[in-house]
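Here the structure comes first, spelled out in structure tokens, and everything after it is commentary.
The values are calculated or read from the model by the stated rules, or taken from the named source; none is laboratory data. All values reported here derive from a predicted model rather than from experimental measurement. Don't worry about glycine lacking a Cβ; one is built from the backbone with ideal geometry, like all the others, and counts go over all protein chains shown. Each accessible area value is taken on the protein alone, full model and side chains, heavy atoms only, with ligands, DNA and RNA left out. Shrake-Rupley method; radii C 1.70, N 1.55, O 1.52, S 1.80 Å.
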Amino acid sequence: MRDHTQLKVFALADKLALAVYRASSQFPHNEQYGLQSQIRRAAVSIAANIVEGCARYSEADYIRFLNIAYGSARELQYELSLCERLGLIDNETARTLNNDCTATAKALNGLLRALRSPKTTSRD
């Protein structure tokens with residue numbers, strides 16, 4: 001099994017989830033079950049799927065959960081854009097969250113690329 005706490009991408013996803021929770025804490029009450037809930041679920045899904053993938057024994061399962069995490073990161077980017085356009089978060093907060101989300105998605109993409117690349121065997 002892999003240790004998710006040793007992955008840079010997990011640290012990024014965890015930081016993002018905390019930031020999304022903080023930013024959405026000021027949403028109006030009528031958004032409690034709307035976008036506030038949705039962006040929180042998407043942000044937590046990124047980190048949670050990394051953790052779950054690390055707990056799987058097969059590399060195929062690990063990759064599958066990382067793919068789900070990547071999809072959640074892209075989903076969150078759209079939802080943050082929507083929140084900004086609706087005036088639920090200010091431009092600066094939206095820019096910061098989007099940058100963090102982009103960094104997380106890029107790190108996930110890089111990890112997925114590395115896992116999918118052909119493994120080289122060393123010859124002694």
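When each of ARG56, ARG40, ARG22 is tested for being within 15 Å of LEU82 (Cβ to Cβ) and among the charged types (D, E, K, R), the lone residue that passes is ARG40. Of the residues contained in segment 51-60, one or more are found to be assigned to a loop (DSSP other than H, G, I, E, B), open to solvent by 60 Å² or more (accessible area, probe 1.4 Å) and either in contact with a Pro (Cβ under 8 Å, 6 or more places away or on another chain) or not hydroxyl-bearing (Ser, Thr, Tyr) (or both).
Which one of these is under 27 Å from MET1 (Cα atoms), open to solvent by less than 40 Å² (accessible area, probe 1.4 Å), of a type in the set (A, V, I, L, M, F, W, C) and modelled with pLDDT under 95: LEU115, LEU108, LEU16? After applying the criteria, what remains is LEU115.
Which residue out of ALA42, ALA107 is touching a helix residue (DSSP H, G or I) at 6+ places or on another chain (Cβ under 8 Å) and within 23 Å of SER24 (Cα to Cα)?
Values: ALA107 fails: within 23 Å of SER24 (Cα to Cα).
None of the other options fit; the residue is ALA42.
Residue check: is SER37 closer than 19 Å to SER117 by Cβ and polar (S, T, N, Q)? Outline the logic, then answer.
Details: closer than 19 Å to SER117 by Cβ: no; polar (S, T, N, Q): yes.
When the stated conditions are applied, SER37 does not pass them.
The rows are residues; the columns are (1) assigned to a helix (DSSP H, G or I); (2) open to solvent by 50 Å² or more (accessible area, probe 1.4 Å); (3) of a type in the set (D, E, K, R).
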site: PHE27; (1), (2), (3): no, no, no
site: ILE63; (1), (2), (3): yes, no, no
site: ASN67; (1), (2), (3): yes, yes, no
site: GLU79; (1), (2), (3): yes, no, yes
site: ASN99; (1), (2), (3): yes, yes, no
site: THR102; (1), (2), (3): yes, no, no
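Checking GLY34 against (1) open to solvent by less than 70 Å² (accessible area, probe 1.4 Å); (2) modelled with pLDDT under 95; (3) under 22 Å from HIS4 (Cα atoms); (4) not aliphatic (A, V, I, L, M): exactly one of these is not met. Which one? Among (1) open to solvent by less than 70 Å² (accessible area, probe 1.4 Å); (2) modelled with pLDDT under 95; (3) under 22 Å from HIS4 (Cα atoms); (4) not aliphatic (A, V, I, L, M), the lone unmet condition for GLY34 is (3).
Check segment 40-47 and report whether any residue there is farther than 18 Å from GLN77 by Cβ and open to solvent by 20 Å² or more (accessible area, probe 1.4 Å). Outline the logic, then answer.
Filtering segment 40-47 down to residues farther than 18 Å from GLN77 by Cβ leaves none.
So far as segment 40-47 goes, no, none of its residues is farther than 18 Å from GLN77 by Cβ and open to solvent by 20 Å² or more (accessible area, probe 1.4 Å).
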